[in-house]
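The values are calculated or read from the model by the stated rules, or taken from the named source; none is laboratory data. All values derive from a computational prediction rather than experimental measurement. All Cβ positions, glycine included, derive from the backbone under ideal geometry; neighbour counts span all protein chains shown.
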Amino acid sequence: NIINFLVLVPYGVQTMSKDIDGLVESSLNIGIVENKEEEIKVTIAVRSSVSSLKLEVVNRIEALCSLIGAKCVREDEYPAWQFDPESKIKDLCIDIYTKLYEKPDVSAIHAGLECGLFKGTMKDTDMISFGPNLYDVHTPNEHLSISSVERIWKFLVELLKNIK
């Protein structure tokens, strides 16, 4: 049954954004397969910026588990967080960063971010995510640019002065 599950379970990119060229909208990957005494545990990370698409993927996994007699447990989920092109805080951040340095690189990314957790409980809150330059994220070589930390700190201080 485990081989059938691993062959049939959805994997990789499931949908691409219709609004933002090249942006993955929903995906999943098998992160861990553990061989325990009485069971084999498969940990799958499902990500989507659209809640309904994430649920659709999870439902497919649950249906497959049901067919092979496996138990499916949902835990540690990142809620969906969709890019808002009309975000006022995004526009303010672009203005401030441009005045301090240069026009920033603004992009939507496909990742599980804490903003999804906040957005889940504060639905009407306008939010963005920003930070220093990170490299080789989630690898043993993960590192960041110290000078970009200083730049982001100064930007944050200026942003807080300008929020009304």
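Descriptive notes on the structure:
- Filtered residues of region 17-58 (kept if free of Cβ contacts under 8 Å to residues at least 12 places away in the same chain, within 22 Å of PHE83 (Cα to Cα) and polar (S, T, N, Q)): SER52
- Subset of region 125-155 that is aliphatic (A, V, I, L, M) and free of Cβ contacts under 8 Å to residues at least 24 places away in the same chain - its residue that is farthest from PHE83 (Cα to Cα): ILE146
- Residue within region 102-121 that is over 25 Å from GLU75 (Cα atoms), among the small types (Gly, Ala, Ser) and modelled with pLDDT of 90 or more present: no
- Residue that is surrounded by the fewest Cβ atoms within 10 Å (Cβ to Cβ) [pool: residues in region 1-54 that are assigned to a loop (DSSP other than H, G, I, E, B) and polar (S, T, N, Q)]: ASN1
- Region 110-153: number of residues that are assigned to a loop (DSSP other than H, G, I, E, B) and either of a type in the set (Ser, Thr, Tyr) or in the same structural domain as ASP21 (by TED's automatic domain parsing) (or both): 4
- Any chance SER66 is hydroxyl-bearing (Ser, Thr, Tyr), out of contact with any strand residue (DSSP E or B) (no Cβ under 7 Å at 6 or more places or on another chain) and more than 25 Å from THR125 (Cα to Cα): yes
- Index of the failed condition, TYR11 passing every other in (1) touching a residue at least 40 places away in the same chain (Cβ under 8 Å); (2) over 21 Å from ALA108 (Cα atoms): (1)
- Qualifying positions in region 69-100 - hydrophobic (A, V, I, L, M, F, W, C) and in contact with a strand residue (DSSP E or B) (Cβ under 7 Å, 6 or more places away or on another chain): ALA80
- Conditions (1) farther than 28 Å from ALA45 by Cβ; (2) surrounded by 15 or more Cβ atoms within 10 Å (Cβ to Cβ); (3) of a type outside the set (Ser, Thr, Tyr); number of the one not met by HIS110: (1)
- Selection count where residues are of a type outside the set (A, V, I, L, M), exposed (fewer than 12 other Cβ atoms within 10 Å of the Cβ) and part of a helix (DSSP H, G or I), scope region 55-90: 3
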